[in-house]
Protein chains: 4
Amino acid sequence: MVDIAQQFASDNYAGMCPEAWEAMATANVGHEPAYGDDSWTARAADAFRDLFKTDCEVFFAFNGTAANSLALAALCQSYHGVICSDVAHVETDECGAPEFFSNGSKLLAAPSEDGKLTPAAIARIASNRKDIHFPKPRVVTISQPTETGQIYSIEELQAISATCRDLGLNLHMDGARFANACASLGCSPADITWRAGIDVLCFGGTKNGMAVGEAIIFFNRSLAQDFDYRCKQAGQLASKMRFLSAPWVRMLETGAWLRNAQHGNACSQYFAAEIADLPGVVLMFPVQANSVFLRLAPELVDAMRARGWRFYTFIGGGARFMFAWDAEMRNVQALAADLRDLAGAQPG
Amino acid sequence: MVDIAQQFASDNYAGMCPEAWEAMATANVGHEPAYGDDSWTARAADAFRDLFKTDCEVFFAFNGTAANSLALAALCQSYHGVICSDVAHVETDECGAPEFFSNGSKLLAAPSEDGKLTPAAIARIASNRKDIHFPKPRVVTISQPTETGQIYSIEELQAISATCRDLGLNLHMDGARFANACASLGCSPADITWRAGIDVLCFGGTKNGMAVGEAIIFFNRSLAQDFDYRCKQAGQLASKMRFLSAPWVRMLETGAWLRNAQHGNACSQYFAAEIADLPGVVLMFPVQANSVFLRLAPELVDAMRARGWRFYTFIGGGARFMFAWDAEMRNVQALAADLRDLAGAQPG
Amino acid sequence: MVDIAQQFASDNYAGMCPEAWEAMATANVGHEPAYGDDSWTARAADAFRDLFKTDCEVFFAFNGTAANSLALAALCQSYHGVICSDVAHVETDECGAPEFFSNGSKLLAAPSEDGKLTPAAIARIASNRKDIHFPKPRVVTISQPTETGQIYSIEELQAISATCRDLGLNLHMDGARFANACASLGCSPADITWRAGIDVLCFGGTKNGMAVGEAIIFFNRSLAQDFDYRCKQAGQLASKMRFLSAPWVRMLETGAWLRNAQHGNACSQYFAAEIADLPGVVLMFPVQANSVFLRLAPELVDAMRARGWRFYTFIGGGARFMFAWDAEMRNVQALAADLRDLAGAQPG
Amino acid sequence: MVDIAQQFASDNYAGMCPEAWEAMATANVGHEPAYGDDSWTARAADAFRDLFKTDCEVFFAFNGTAANSLALAALCQSYHGVICSDVAHVETDECGAPEFFSNGSKLLAAPSEDGKLTPAAIARIASNRKDIHFPKPRVVTISQPTETGQIYSIEELQAISATCRDLGLNLHMDGARFANACASLGCSPADITWRAGIDVLCFGGTKNGMAVGEAIIFFNRSLAQDFDYRCKQAGQLASKMRFLSAPWVRMLETGAWLRNAQHGNACSQYFAAEIADLPGVVLMFPVQANSVFLRLAPELVDAMRARGWRFYTFIGGGARFMFAWDAEMRNVQALAADLRDLAGAQPG
């Protein structure tokens, strides 16, 4: 078990939330058919249909790497290109998984300032090459929230999907922290997905409070053809599927999915407010989800680490602090206090 | 939850055993580093090294499809062939996963009577074609126990591995029910793996009483080079890895892994003994693990199903009954009683 | 250069026919745009449209391995199955190329007596498994002529395509020696392709008298979407494409494609007639294309080889004699004479 | 046939040189064993061993896309990264072929000013990420000459290979125009390949005056293990291999390979000298091989195109003029004259 000083390095360090845990306990009683033919899995799929208020196709995969890569592979062929932001997780942290699952689709990364893709950037990449010597753009993937903690507004999403429609591109949303986006915007999940033109969403369960399990939701149902075979072949069909699906049932039915996200978001807001005015500390991006990126003076980075705080600096060299579903406010306060203390000690 | 009449259709229908569950509960307290850098995962790897009495390389994957396919892909290139039995799970029930993970390795299936590969069959396939128009045999995979519930003896394994060494073939063991083999033979796990020349073992956790999670154990450590990257790229690196590894720790440390298997084996022995002498009922294979395959008169198949019993007949048309780690003896008795009752009613 | 005794081992041993050669010479004058944007390639595509009397999509690949594998990959996804005969070249002699190009599609080989697939065999395999643990059948591939030198009649093809339509399967024809089939049936190429329900044909140029180059012809044009990208990515787009396409132009326009095939067929007919009545010699299959398969007494095999004759025995142990577009009749006569001589010397 | 105004757009527009043609004619006589078991192919391999003065392994592929992609796939696994320049052909113009052949290896493109990779750039990329969430760098590929017509000196190559050795990276050379590099440096081919630490070279035949056919030459022979199977599976084994290998024999034996390159280089030198001093015309890169890249005033681009001249501008917006093995000096003069004429007419 890590000490509190490490807890803000990643929202993957947290365990299961009580609702997910309870669902596991309940699902663990007795026997159930395997490979998704159980009652929990059917209920979970229906719960998603209720949440999104549409008759979507729902699948489950073990983790986000697979969920996103399988979805992208379903949306294009090996000789197609996938347009993404240059800080997109699929580009920077999946060890070539999208290329592997698709057997060679090339990621076409657009430079981005804040991690967001724009209609202009999409159009530029999509029209840059029209010859067969370069992968034909076929899919756009956006992360909601972005890897920088930014959130696409409904209007931004509509503009992107309009561009995609014009250009004949499928639109995928990497929702590893999708719940945080919903919590931040205070909108219906439908508003930032199918109503805004998203074809497929990967809805993250792990960071939301589960042990394993991401949902892949096809709003454009024709794209889901034979997707169950695709999951099976790629090693993503759980035999005891109920342990992936039951937590979703409970989290969706109780609203825990949203509360967990609201809590993480609130922690990041609190922390940002506490330290925003400090010398040597610059907020790199507006704080909209459960992360805070700080441009820190190098001395401050060292000093914080000397006090034991752990954080990554892989995006633009900034210090990233993540607030999980179970972040404890007193720990957040301790983090902020240390930063205030050290920043105050810096020559301003 | 399925009723008892369905519980012998598959040992995937059972839930988590108490030890696995307790480990999940313990592991769920607090934060832990992600992606296998946690203390549980290190402990689990060490527990396997203790169990096998050797310094093996240990990895974890979500399910058996992936574990076996990743291991096979590590043992050959796309233009190589994988020799297996024609009832091997990788050949018959993985939807082309080995071909997918390896980008095209062809499975070279040897006809088998009881599901076992023999040195002679391996040598025959390995020497059948020597030209570049056919995949070069490079790996042998055997299932221990086989899909028919047979168990390779230590001597049989040694003979197979000697053949593999002679022919320059790597040797992989699909141990989806490996614990049942150990329980049946009463030997050290080392005796039927590295001491018998196995290069890589996939040790099944799911059927042994876990929710998800198989261990991939490289006894030939040079074959494990960069295997962590392979797992990551293929969507098999769990972020909250502790939930895969902690159950292994507890199951290995408490001996539950073996007790669970012993129980399943005992149930199959009991059931087989109860019905072996019935008219219209023929044991297809010696009962060595936790399955019983019966050649039943067609009327008997129908009659049993009419009473609600569920079972598969995909291997040779035989009725397969599987006994999970939590099979209840009274239910086994009920199954046997119905079969006795119905068989007795048949014109002998 | 091989001596005449080797010339019947393969119809790949022959060089370019005069028409192909002349086209190369003509095409070699001056500069031409690359990658298929030249005038020869456009003419070749049109020549195929004329030949088939339909507005098909035409592509060129370097060899048959690639042509067939690319076509199959275009007709299915990695988790789909490809139904073929168990002596199909794609199954027995492509070193896993179809699996490689498709990233894992499994070949589902039907046992066949004479190399032909039947509607019944197709239906049996297509309906054998309906679960996601086995690749979903999606394509049927037939070789016309078969690897055993058999030719599907128009009626047989219609029956197969009707079955495919019923079962939702795409239908591919491996026409490595397609010209020989046309020559044998004396029908329009259209009659045994799109009019009989073939979706895609790979029309072999190499065995027909060219140096390199096979045509991939999509009668079902919707299946050709982005196929040019597929060829490019898979290393099958020739920069100096005219050297693949110009020979096609000349061969189609002059009728050499058909004359070459008629000659090979005539040689096999002649040879078969000469030796059909010999003791210790059994025709394995009716002689319909440019090959003759003989069941020879083992002594006869040895004796023929002792006289220097080279032939393969990889199909059913039979001796295969192939007659290329340029087989010389006096050599065929010498072959027959030796066989007569030796067979007569055998104890009858 | 294109008019002279198009002939400098690409050195792929030229046909076969007389030596290649003559070899084809000679090779076309009689029958030869298929799949590389012919005498021409053996002679061609030996000719390469003579040329490089070492016992290298030699293979032939149909085109450069395949040759480079197969070689790279042999040097790494799917989860590895391939370091290249950001103008490398494998990155910009192969439609994802390296990713396809390797089943997902990611190209890690280094920004480059003139198209060259440097030891510093290689080291920076190789050390940038050390975690399993990013492809592990395993191969470096350099183009000699580069896509910008630059040539690595012997010393530069030695420095690169020393860096590769230090970092455990294999080193591949894309020699689509390798002959032009030898002609430019006036050195032994050995000096800029194995003596300088290159593991594998793809030696381009097409641009050097052949119809099809590239040689893949493994100086590090252990990397060539089973490479023949890899070629076969990937559709790159020619049945009538002699038509790829015979031209190599004649071109190497007669020295045409070098003369052809010298001529192209000389044309580019001549052209560059003729126009280097013009207003509105800037040489983008030193002219070292058979290409000239010009930064032209936009009006000049339009004016040149209005006179019918065809050229690409895909690298840095510059006008690229390529001089093939058969470029006619009077046409080069006409090109230069038009540019002089138009540039003089520009407002200086």
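The values are calculated or read from the model by the stated rules, or taken from the named source; none is laboratory data. Remember, predicted model here, so these are calculated numbers, not experimental data. FYI the Cβ positions are ideal-geometry reconstructions off the backbone, even for glycines, and counts take in every protein chain you see. Protein only, heavy atoms only, side chains kept; ligands, DNA and RNA dropped before computing areas. Shrake-Rupley method; radii C 1.70, N 1.55, O 1.52, S 1.80 Å.
Rounded, prolate or oblate: which one fits region D:81-132, using the alpha carbon gyration tensor with axes a ≥ b ≥ c (rounded when a/c is under 1.5, else prolate when a/b beats b/c, else oblate)?
The shape class here is oblate.
Could you work out, residue by residue across A:75-84, how many beta carbons of other chains sit within 10 Å of that residue's beta carbon, and then give the average as an integer?
5
Would you mind telling me the antiparallel percentage of the DSSP bridges in region D:18-255, rounded to 5?
The antiparallel fraction comes to roughly 35 percent.
Is the shape of region A:183-260 best called rounded, prolate or oblate, per the rule: a/c under 1.5 gives rounded, else a/b larger than b/c gives prolate, else oblate, with a ≥ b ≥ c the square roots of the Cα gyration tensor eigenvalues?
Because a/c hits 1.5 or more and a/b fails to exceed b/c, region A:183-260 counts as oblate.
Roughly how big is region A:122-231's charge dipole about its Cα centre, with Cβ charges of +1 (Lys, Arg) and -1 (Asp, Glu), in debye to the nearest 20?
I would put it at about 280 debye.
Determine the calculated [θ] at 222 nm for the protein assembly as shown from helices alone, applying -39500 (n - 2.57) to every DSSP H run no shorter than 4 residues and normalising by the residue count; nearest 500 deg cm²/dmol.
That comes out to -12500 deg cm²/dmol.
Could you check how many percent of all C-alpha pairs in region B:146-237 are farther apart than 18 Å?
Beyond 18 Å sits 49 percent of the P(r) for region B:146-237.
With springs only between Cα atoms under 10 Å apart, run a GNM on chain D and tell me which of D:Y13, D:Y152, D:Y229 wobbles the most.
Of the options given, D:Y229 has the highest mean-square fluctuation.
Suppose the chain between C:D3 and C:S222 were pulled fully straight at 0.36 nm per residue; how much longer would it get relative to their current alpha carbon spacing?
74.1 nm
Which aspartates and glutamates does C:K116 reach when only Cα atoms under 20 Å apart count, and residues fewer than 8 places away in its own chain are ignored?
The qualifying aspartates and glutamates are C:D86, C:E91, C:D93, C:E94, C:E147, C:E155, C:E156, C:D166, C:D174, C:D191, C:D199.
For D:D37 and D:D302 in one chain, what is 0.36 nm times their gap in residues minus the Cα-Cα distance, to one decimal in nm?
That works out to 90.1 nm of additional length.
In what sequence, largest accessible area first, do C:E32, B:E155 appear using a 1.4 Å probe?
B:E155, C:E32
Counting residues in the protein assembly as shown as N, plug N into 2.2 N^0.38 Å and put the Cα Rg over that result.
That ratio works out to 0.96.
So for each of D:96-108, D:305-317, B:307-319 I average, over its residues, the number of other beta carbons within 10 Å; can you give me the resulting order with the highest mean first?
The peptides rank, most packed first, as D:96-108, B:307-319, D:305-317.
For region C:162-206 and region B:244-308, compute the distance between their C-alpha centroids and round to whole Å.
That distance is 50 Å.
Once the label point is placed 7 Å from Cα along Cβ, list for A:S188 the distances to the corresponding points in the other copies, in nm, shortest first.
In ascending order, 5.7, 6.5, 7.8 nm.
In nm, one decimal, shortest first: how far is the label point of B:T313 (7 Å from Cα along Cα to beta carbon) from the matching points in the other copies?
So the label point of B:T313 gives 4.3, 6.8, 7.3 nm to the other copies.
Taking each residue in A:125-132, count the Cβ atoms of any other chain within 10 Å of its Cβ, then average. What number comes out?
Counting other chains' Cβ atoms within 10 Å and averaging over A:125-132 gives 3.
So what J values fall out for region A:126-134 if you push phi through Karplus, 6.51 cos²θ - 1.76 cosθ + 1.60 with θ = phi - 60°, rounded to Hz, Gly and Pro as x?
Per-residue couplings from phi come out as 5, 9, 5, 10, 10, 10, 6, 8, 9 Hz.
Any idea which of A:L294, A:M210, A:S239 is furthest toward the positive side of the dipole for chain A, if Lys and Arg beta-carbons carry +1 and Asp and Glu beta-carbons -1?
A:S239
Could you calculate the FRET efficiency of C:N331 with B:A120 from 1/(1 + (r/R0)^6), where r is the beta carbon distance between them and R0 is 45 Å, rounded to 0.05?
0.60
Counting partner chain Cβ atoms within 10 Å of every residue's Cβ in A:86-98, what's the average?
Average neighbour count from other chains, rounded to a whole number: 6.
Rounded to whole angstrom, how close does the nearest chain C beta-carbon get to the axis mapping C onto D, and which residue is it?
Value returned for chain C: C:F62, 2.
Please give the direction-averaged projected area of the C-alpha convex hull for region B:18-254, in square nanometres with one decimal.
11.9 nm²
Accessible area of chain B with a 1.4 Å probe: how many percent of it is carbon plus sulfur?
Within chain B, the accessible surface is 50 percent carbon and sulfur.
What is region B:1-82 by shape, rounded, prolate or oblate, if you read a ≥ b ≥ c off the alpha carbon gyration tensor as root eigenvalues and call it rounded for a/c under 1.5, prolate for a/b larger than b/c, and oblate otherwise?
oblate
Once Lys and Arg get +1 and Asp and Glu get -1 on their Cβ, which of C:V282, C:L185, C:A61 lies farthest toward the positive end of the dipole of chain C?
C:A61
Could you pull the copy-to-copy label distances for B:D55, with points set 7 Å along Cα to Cβ, in nm to one decimal and sorted shortest first?
Result for B:D55, in nm, nearest copy first: 3.6, 6.1, 7.1.
With charges only on Cβ, +1 for K and R and -1 for D and E, what is the dipole size of region A:18-256 about its Cα centre, in debye, rounded to 20?
Computed charge dipole of region A:18-256: roughly 440 debye.
Which entries of C:K106/C:K232; A:K106/D:K130; B:K207/D:K130 have Cα-Cα distances beyond 27 Å here?
B:K207/D:K130
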